[in-house]
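Notes for the one structure printed next.
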């Protein structure tokens with residue numbers, strides 16, 4: 001075989017190879033070559049690495065395999081399979097923070113079977129090409145003269161370079177969305193901690209850090225009160241409620257107030273307004289043995305202004321109830337979210353305990369019977 | 001040498017000077033296009049984007065965009081073409097001014113023109129992809145969530161001048177077409193001069209044959 005035929009065959013093989021690589025993206029072809037052109041699979045694959053892939057019908061694929069999937073011949077992605085669910089496949093770049101949206105199973109074309117690093121294939125190719133050119137330069141020059149004019153050779157070589165790059169480097173299907181983890185913050189809960197002096201605001205924080213509290217206000221009706229706040233954990237803020245908050249709300253008969261916080265974040269700031277509901281309730285009164293138990297469900301102390309104990313006795317012969325003694329006790333204060341035990345001295349058969357207090361501007365009178373048996 | 005041939009040769013010499021100079025200029029222009037940033041981004045994303053490379057920081061953390069990496073790889077052919085145009089122009093200049101036969105240089109220039117025409121479509125596609133992908137860097141992260149109003153800032157993309165003007169198809173297409181026309185005209189002139197020279201030589205041989213009669 002003449003040198004001309006040998007070189008023409010070599011050239012034909014190279015062109016056919018490039019054509020087949022290009023065609024493998026358009027039609028069924030058992031083998032595919034791709035060039036890694038991004039950092040989404042770093043460190044498994046680095047930009048410039050050459051991937052050798054076989055068609056999925058030949059080697060199959062499963063969770064954990066790196067596959068080449070194409071939504072169309074120009075948009076292809078090389079990512080790892082993380083989930084297979086029926087006709088949908090979920091892939092993810094090893095270096096990407098999130099998974100890709102699910103793709104139809106038909107998009108998956110090849111499974112990567114070999115990764116040739118850039119530092120291995122490029123020097124090897126260049127060395128082989130250089131050796132070939134140096135060794136065969138005379139023959140190649142003669143062939144070039146016989147093959148065509150200089151202008152055609154220049155055009156041919158530059159077109160081959162264009163084709164090779166287009167064939168090897170597919171454009172990625174995704175653009176910026178999976179690359180950036182956008183910071184976000186949502187409200188998880190706002191609760192008043194017992195006995196009402198603290199409000200804990202919990203957040204769902206993504207890619208953000210709470211740095212400090214720049215401002216804090218409590219809005220009760222028409223009044224705005226300053227408050228202090230601090231960051232107890234990385235995702236919550238504790239607001240110290242000013243003592244007068246509940247007093248103002250109680251006085252004006254309000255059932256809600258607002259906490260306004262201005263937080264400094266590592267990537268910006270947040271202005272939050274959180275309404276809180278207050279349910280005002282009368283004192284809870286129960287009797288236990290010789291005691292009257294008063295519980296205050298409110299965030300304010302309640303002053304019991306008057307306590308009157310009416311001791312009673314029962315006369316079996318005349319079958320009548322008689323008042324044996326009426327005793328006025330000193331008033332007392334039931335602390336917020338607390339209970340107060342009023343011990344009644346046992347005299348006679350039983351006693352009526354009457355208590356009087358002011359609640360939301362109205363006088364409340366309650367009476368309970370205590371049996372001393 | 002006939003008068004017509006003399007005119008053609010003079011015109012060819014002017015055309016070679018013009019085309020090789022224009023080839024160097026076009027090569028530098030192409031290299032400048034792919035190697036200098038076309039857009040810069042400011043805000044939550046900071047950095048710049050060129051056809052062959054990009055450097056972007058999202059909240060001061062480097063981010064890498066696979067699409068830009070693809071563009072970098074694909075732009076290599078444009079970079080190679082630019083380098084070729086500069087070299088071809090410079091070599092033709094050298095051949096011309098050193099008094100050597102510059103016909104090979106004219107062929108190099110014509111080959112470069114053909115390749116420029118073939119690469120024009122790819123270059124326009126890459127520029128279009130660069131523009132659309134860069135547009136996605138216009139982000140506004142300020143949002144209203146259940147936690148309140150979150151002020152996280154925004155980012156804006158700005159074109160860099162003069163690269164942005166030079167990337168315009170209205171500049172790129174005429175620049176390459178001018179080169180193609182110049183190189184083709186030069187090539188045709190060179191072919192014509194070569195043909196006339198051969199014809200003259202042939203005529204000379206024939207006359208010599210008739211006179212000497214050997």
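A short reminder: the numbers here are calculations on the coordinates, not readings from a lab. Quantities reported herein were computed from a predicted structural model and do not represent experimental measurements. Cβ coordinates were reconstructed from backbone atoms using ideal geometry, including for glycine residues, and neighbour counts include every protein chain displayed.
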Seminar exercise, completed: With R₀ set to 35 angstrom, the calculated FRET efficiency between the beta-carbons of residue A:62 and residue A:129, to the nearest 0.05, is 0.40
Exercise. In Å and whole numbers, how far do the C-alpha atoms of the protein assembly as shown stretch along each principal axis, longest first?
Worked result: 177, 53, 30
Exercise. Among A:193, B:81, which comes first, second and so on when ranked by fewest other beta-carbon atoms within 10 Å?
Worked result: A:193, B:81
For this session: Kindly provide the helix-only [θ] at 222 nm of chain A, computed as the sum of -39,500 (n - 2.57) over DSSP H runs of four or more divided by all residues, to the nearest 500 deg cm²/dmol?
Result: -7000 deg cm²/dmol
Exercise. What is the spin-label model distance, in nm, from residue A:289 to residue A:187 if the labels are put 7 Å beyond Cα along the C-beta direction?
Worked result: 4.7 nm
Seminar exercise, completed: If each part is reduced to its alpha-carbon centroid, segment A:3-71 and segment A:251-275 end up apart, in Å, by 58 Å
For this session: Please work out the Cα center distance from segment B:100-114 to segment B:115-151, rounded to the nearest Å.
Result: 40 Å
Problem set entry | Other protein chain Cβ atoms within 10 Å, averaged over every residue that makes up B:110-122 | 4
For this session: Could you tell me which of rounded, prolate or oblate describes chain B, using a ≥ b ≥ c as the square roots of the eigenvalues of the alpha-carbon gyration tensor, with rounded for a/c under 1.5 and, failing that, prolate when a/b is larger than b/c and oblate otherwise?
Result: prolate
For this session: Using only Cα atoms, tell me the angle between helix A:137-147 and the longest principal axis of chain A; keep it within 0 to 90° and round to the nearest 10.
Result: 80 degrees
Problem set entry | Averaged over A:25-31, number of beta-carbon atoms from partner chains that fall within 10 Å | 0
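Over segment A:3-168, what relative contact order in percent results from Cα pairs under 8 Å that are six or more residues apart?
For segment A:3-168, the relative contact order is 23 percent.
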Exercise. Under a point spin-label approximation (7 Å from Cα along Cα-to-Cβ), what is the residue A:15-residue A:122 distance to one decimal in nm?
Worked result: 2.8 nm
For this session: Counting only C-alpha contacts under 8 Å and six or more residues apart, can you give the relative contact order of chain A as a whole percent?
Result: 10 percent
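For A:312, A:41, what's the fewest-to-most ordering of other Cβ within 10 Å of each Cβ?
Taking fewest neighbouring Cβ atoms as first place, the list is A:312, A:41.
Over all alpha-carbon pairs in segment A:219-373, figure out the percentage whose distance exceeds 25 Å.
Tail fraction, whole percent: 50.
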Problem set entry | Average partner coverage of B:131-141, which counts Cβ from other chains inside 10 Å | 2
Exercise. How much space per residue, in cubic angstrom, does the convex hull of the C-alpha atoms of segment A:184-277 take up?
Worked result: 82 Å³
Problem set entry | Within chain B, helix-based [θ] at 222 nm, where runs of 4 or more DSSP H residues each add -39,500 (n - 2.57), nearest 500 | -25000 deg cm²/dmol
Exercise. How high is the relative contact order of chain B, in percent, counting Cα pairs under 8 Å that sit 6 or more residues apart?
Worked result: 27 percent
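Among A:55, B:189, which comes first, then next, by fewest other beta-carbon atoms within 10 Å?
A:55, B:189
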Exercise. Where Rh denotes the Kirkwood radius from the mean inverse Cα pair distance, what is Rg over Rh for segment B:91-162?
Worked result: 1.45
For this session: Set the Förster distance to 41 Å, then compute FRET efficiency between residue A:308 and residue A:219 from the Cβ-Cβ distance, nearest 0.05.
Result: 0.50
For this session: Obtain the nm distance between the two label points defined at residue A:52 and residue A:87 by a simple spin-label model: each point lies 7 Å from its Cα along the Cα-to-C-beta direction.
Result: 3.5 nm
Exercise. Tell me, what is the Rg over Rh of segment B:9-125, with Rh the Kirkwood radius over Cα pairs?
Worked result: 1.16
Exercise. With axes computed from alpha carbons, what is the tilt in degrees of helix B:3-35 against the longest principal axis of chain B, rounded to the nearest 10 within 0 to 90?
Worked result: 20 degrees
